[in-house]
Structure formats: structure tokens, C-alpha cells
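Colleague: Please see the structure below; I have some questions.
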Amino acid sequence: MGQLKNTFLPMSMYNQIPFIHHVTHVAETHADDLECLKVLLRKHNIPPSVCIKLIHIHFHLDEGEIMVFREFDMPQKEKVPFLGPMLPDATTEIYGCHYIVDDAGDLQAFEYTAIPGGVNLVEHPAFVAEFCATVVQRGIQRKFGLAIKSGIAARGYWTELDYPEKRATFLLPSDVPLPESDRIVRTTTKTQFSSDEDVTHIHVEHTWGTGKGSLPDGEPIVDGVTTKGGFFLTGIPVYPDTAFYGVVSAISVAV
């Protein structure tokens, strides 16, 4: 118990982790557990780029794949991080960034990053051991784990949006407003919690408010960004004169 595992989690185990829309209320329901884990971050003087993570996934993996954070350049803006599937290869250095406490009570990476510079948990063995023991004792292995932020995502406030066509999730900078529509209902889920500021990441999910709805070509509306027949966010057209359009157009090329 309490060991750090940076091995690749098998697809079969990854796909058993709950989807984001199944854990919407976990942080509120388990607020005492969450606060206990945040106290551990402060007790062990863990850098603020290490956060408590709501355990969830966005898409299933295929055989041999892992989920990896990468960054792409935005014209006239900073980089934008995205999480998507890839096949590991010997030329790309990969680091653990999202961790779950497994059935053996060890801290197992389940999502990864190709962005260097994150905190190395090997340097914090006492924290890892106490974190794992606390999670097991409270029975919250499927509720909370750890996130290590690196690159541009290590600072600021980010909104997670899904891109189902590519099974990817990208982080939208807080200064880029989302399209608005009275036809959809927007739900936000807090997904990362630092020791000093309550929330650093949220996931935004949209549902059609009046029936399922469809796109102009008759395609059913799905949550997230779609690019067939134009750019849409859950059926809402994304127009070229908006900052969000710039992000989506760059993502459609980069991912």
C-alpha cells in the first residue's frame, strides 16, 4: 500500500472508471472527504500544481491506447491543452498526471501527459503513503484521486469541453466566453481542487432543453463540440466573429 505506479493502466480497467456525467454531485456529497484530502496537501507542503481530482473519464479507450495531455498553439494566444487517446511509442516521453488509488491501495496513474515540468511525486513518499491510506480508510477510491498540472494548465482557471468526434477533451481559457442559447441547459461539475483555492477546473456539459433536437442536416445533437456541417457547441452554431470560434477551428485542425 502507498506505492507510486506510473505504469500504463490497461484499457479494460480504464473503461471501468465512471464517466463525468455520473459523478456530478460527488464533490458536494463528499465535501468532508474532499476537505480532509486538501488538508493533506497543506500538511505535506505539496506544490499548488498538485490538486485533488474528481475521479472520472470522458471517453472509453480502444485496445492499446492511453489518454494523454498535449498542447497546441493558438494564433495570437497561449497554448491550449487537450486530453485525447494515443498509442504510446518509444519516441514520446510520457508522465503520469492523473492518479487513482487502486485495489492494492497504491497510487496508480490512469491518465498521462506529454508536457514536462510537473511535480514528481517520487519526491513526496510520505504524502503519497498518507494520501493512499486516507482514501482507502474512507472508502473513496472511486471518488477522489490526484492531478498534477504542468505547462499552461498549471496556472489559471480552465473549463473542460468535450470533442466527441475525436474522443478528446480540451481546456478552454477562462477569458473565452461560451456561446449562449436559451434552448440548452448548462451543467457545470467541479473537477479539480487545490489546497488554497477551492476549484481550478470545471467541466461544462450541455443538454437540449426541449427534446433531443437535431442539427440542420438531421444529425442528432450531442454534447460538446461538433464540426460536421459547420462548428457547433451542442447544436448551437459557433460564429466566426467570436473568440470561441478561433479556439474550435484551431482544435479541429490540431487534434
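The values are calculated or read from the model by the stated rules, or taken from the named source; none is laboratory data. It should be emphasised that the depicted structure is a prediction, and the values quoted were computed from it without experimental measurement. Glycine gets a Cβ as well: all are built from the backbone with ideal geometry, and neighbour counts include every protein chain shown.
Colleague: Could you say which residue among R138, R167, R142 is over 25 Å from I66 (Cα atoms), out of contact with any Leu (no Cβ under 7 Å at 6 or more places or on another chain) and touching a residue at least 40 places away in the same chain (Cβ under 8 Å)?
Modeller: Of the residues listed, the single one that is over 25 Å from I66 (Cα atoms), out of contact with any Leu (no Cβ under 7 Å at 6 or more places or on another chain) and touching a residue at least 40 places away in the same chain (Cβ under 8 Å) is R138.
Colleague: Could I ask something else about it? Kindly state which helices (runs of 4 or more DSSP H) lie completely within region 1-96 and contain at least 3 residues that are free of Cβ contacts under 8 Å to residues at least 60 places away in the same chain and surrounded by 13 or more Cβ atoms within 10 Å (Cβ to Cβ).
Modeller: Output list is empty.
Colleague: Further question on the same structure: Which residue, of P164, P237, P177, P220, is of a type outside the set (G, A, S), surrounded by fewer than 19 Cβ atoms within 10 Å (Cβ to Cβ), farther than 30 Å from F144 by Cα and modelled with pLDDT of 80 or more?
Modeller: The conditions single out P237.
Colleague: Could you check region 97-117 and list, in sequence order, the residues that are surrounded by 16 or more Cβ atoms within 10 Å (Cβ to Cβ) and either assigned to a loop (DSSP other than H, G, I, E, B) or of a type in the set (S, T, Y) (or both)? Explain how you work it out, then say what you get.
Modeller: As a first pass, look at region 97-117 and keep what is surrounded by 16 or more Cβ atoms within 10 Å (Cβ to Cβ): 97-102, 105-115.
Listed by number, the residues that qualify are Y99, D102, G105, D106, Y112, T113, A114, I115.
Colleague: Count, please, the residues in region 146-160 that happen to be over 12 Å from the mean Cα position of the chain (by Cα) and outside any helix (DSSP H, G or I).
Modeller: Number of matching residues: 4.
Colleague: All but one of (1) within 22 Å of H58 (Cβ to Cβ); (2) at pLDDT below 75 hold for S249; which doesn't?
Modeller: (2)
Colleague: Would you say D62 is farther than 25 Å from H124 by Cβ and at pLDDT below 95?
Modeller: Values: farther than 25 Å from H124 by Cβ: yes; at pLDDT below 95: no.
Criteria not met by D62.
Colleague: For region 139-168, how many residues are basic (K, R) and out of contact with any strand residue (DSSP E or B) (no Cβ under 9 Å at 6 or more places or on another chain)?
Modeller: 1
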